[in-house]
1. Once Kirkwood radius over Cα pairs in Å is worked out from the coordinates, which option in [x] 13.4; [y] 11.8; [z] 16.3 does it equal?
2. At residue 16 and residue 38, where each label point lies 7 Å from the Cα along Cα→Cβ, what is the point-to-point distance in nanometres?
3. Given charges of +1 on the Cβ of Lys and Arg and -1 on the Cβ of Asp and Glu, with all other atoms neutral, how large is the dipole of the chain about its Cα centre, in debye to the nearest 20?
4. Using a Förster radius of 25 Å, what is the FRET efficiency between residue 6 and residue 49 based on their Cβ-Cβ separation? Nearest 0.05, please.
5. Quick check on the chain: helices-only [θ] at 222 nm, where DSSP H runs of length 4 and up contribute -39,500 (n - 2.57) each and the sum goes over total residues. Nearest 500, please.
6. Quick one: what are the phi-derived ³J(HN,Hα) couplings along region 41-49, Karplus 6.51/-1.76/1.60 with θ = phi - 60°, whole Hz, x for glycine and proline?
Amino acid sequence: MDLLRVIIALAFVLPLLWAADRILQRMGFSGWWAILSLVVPLNIIGLVVLAVIEWPIDRRSRADS
């Protein structure tokens, strides 16, 4: 029964981590930031950091102009 719960949890968590990884890469960040979403206090800190700092993709587009 516990193995079934683990399999079901992974079936939900892995696609969410994959999607977060793709979004973060498009923003110009490492996909490893997606791991922060698994731990609530780190998730909140990560969201604040992403909201405050300048995104790498913005720096690249400004340098190209």
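What follows is calculated from the coordinates using simple rules that are stated; it is not laboratory data. Note that this is a predicted model, so its numbers are computed, not measured. As a convention, Cβ positions derive from the backbone with ideal geometry for all residues, glycine included, and neighbour counts pool all protein chains shown.
1. [x]
2. A separation of 1.3 nm, rounded to one decimal place.
3. 100 debye
4. Here the calculated transfer efficiency is 0.25.
5. After summing the helix terms and dividing by the residues of the chain, the value is -24500 deg cm²/dmol.
6. Ordered by residue, 3J(HN,Hα) equals x, 5, 4, 5, 4, x, 5, 5, 4 Hz.
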